[in-house]
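Since the structure comes first, as structure tokens, the remarks are kept for the end.
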Amino acid sequence: MSLTPLATVTDVANRMPRALTTAEQTRATTLLVDASSRIRAHCRQAFTQVQTTEIIAPVDNQIILPQRPVISVDAVARVNADGRSFMPYSVWTWDGKATLMLGPPSAIVNAPAVWTDMDWFWRNVTYQVTYTHGYSVIPDDVVGVAAGMVARVLMAPGSPGVISETIGGYAYRMADGFPTAQVDLTSADEKILKSYCGRRNRTIELR
């Protein structure tokens, strides 16, 4: 699923010391997609408000939902032994933040007796969780990082004879007078994003 960029061309323009050219506005649109992808990969967060379904292995009887902030937990199902079928699981509570507490299966109608008799069986399996998460408005500091990443690329000098240069934590290289700088996170950017990098359980990718 393609997610919307974490900042807009206007956000980039507002951080530039000069007006964007028409060509730069077009380029900024593509660079914002790259920057947003880089931020999401670094934080392992979608940021945009969406619904996600993940198969997660709990620790004891707790499931830590990896995407933040969690808005609602929409469905929980136990993954059967074949790894492809699921049984709805209703004995759980949500702390309103990011943790699900799983209860024993004795209250589930028609649950196999083995679920109740063998405590390890229901604790040490995986669960499919569907939940809604993300921000209705992207936080200002995340917008600033994404826009700043793009602005740095657009402002990379194109002076003749310049091959490469490093400014602080940002580096670029020229090839035949064309700036080949790519959007990337600086150490300062990573420090800003640190609070958004949530704790993760062991998750299994759905195919």
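Which FRET efficiency, nearest 0.05, do Asp95 and Thr29 yield, Cβ-Cβ r, R0 41 Å? Please report the intermediate quantities before stating the final value.
Working: r = 40 Å, r/R0 = 0.97.
Efficiency, from the Cβ-Cβ distance: 0.55.
Grab the other residues whose beta carbon is less than 10 angstrom from that of Thr130, score K and R as +1, D and E as -1, and report the net. Write down the numbers at each step before the final one.
On the way: positive: none; negative: Glu54, Asp74.
Summing Lys and Arg as +1 and Asp and Glu as -1 gives -2.
Please give the contour-minus-distance gain from Val137 to Gln51: 0.36 nm per residue of separation, less the Cα-Cα distance, rounded to one decimal in nm.
Values: separation 86, 0.36 × 86 = 30.96 nm, distance 1.57 nm.
That pair, Val137 and Gln51, stretches by 29.4 nm at full extension.
Quick one: what are the phi-derived ³J(HN,Hα) couplings along region 17-30, Karplus 6.51/-1.76/1.60 with θ = phi - 60°, whole Hz, x for glycine and proline?
Values per residue, Gly and Pro as x: x, 8, 6, 6, 6, 4, 5, 5, 4, 5, 5, 4, 4, 6 Hz.
Pulled fully out, how much extra length does the chain show between Ala19 and Asp82, if you take 0.36 nm times their separation in residues and subtract their Cα-Cα distance? Write down the numbers at each step before the final one.
Values: separation 63, 0.36 × 63 = 22.68 nm, distance 5.84 nm.
Stretched fully, the Ala19-Asp82 segment lengthens by 16.8 nm.
By counting other Cβ atoms within 10 Å of each Cβ, how are His133, His42 ranked from fewest to most? List each step's numbers first, then the result.
Working: His133 22, His42 16.
With the fewest neighbours first, His133, His42 line up as His42, His133.
The numbers here are math on the coordinates, done by the rules we state, and not lab data. The shown structure was predicted, so the numbers you read here are calculated from the model rather than taken from an experiment. Neighbour counts run over all protein chains shown; Cβ positions are idealised from the backbone, glycine included.
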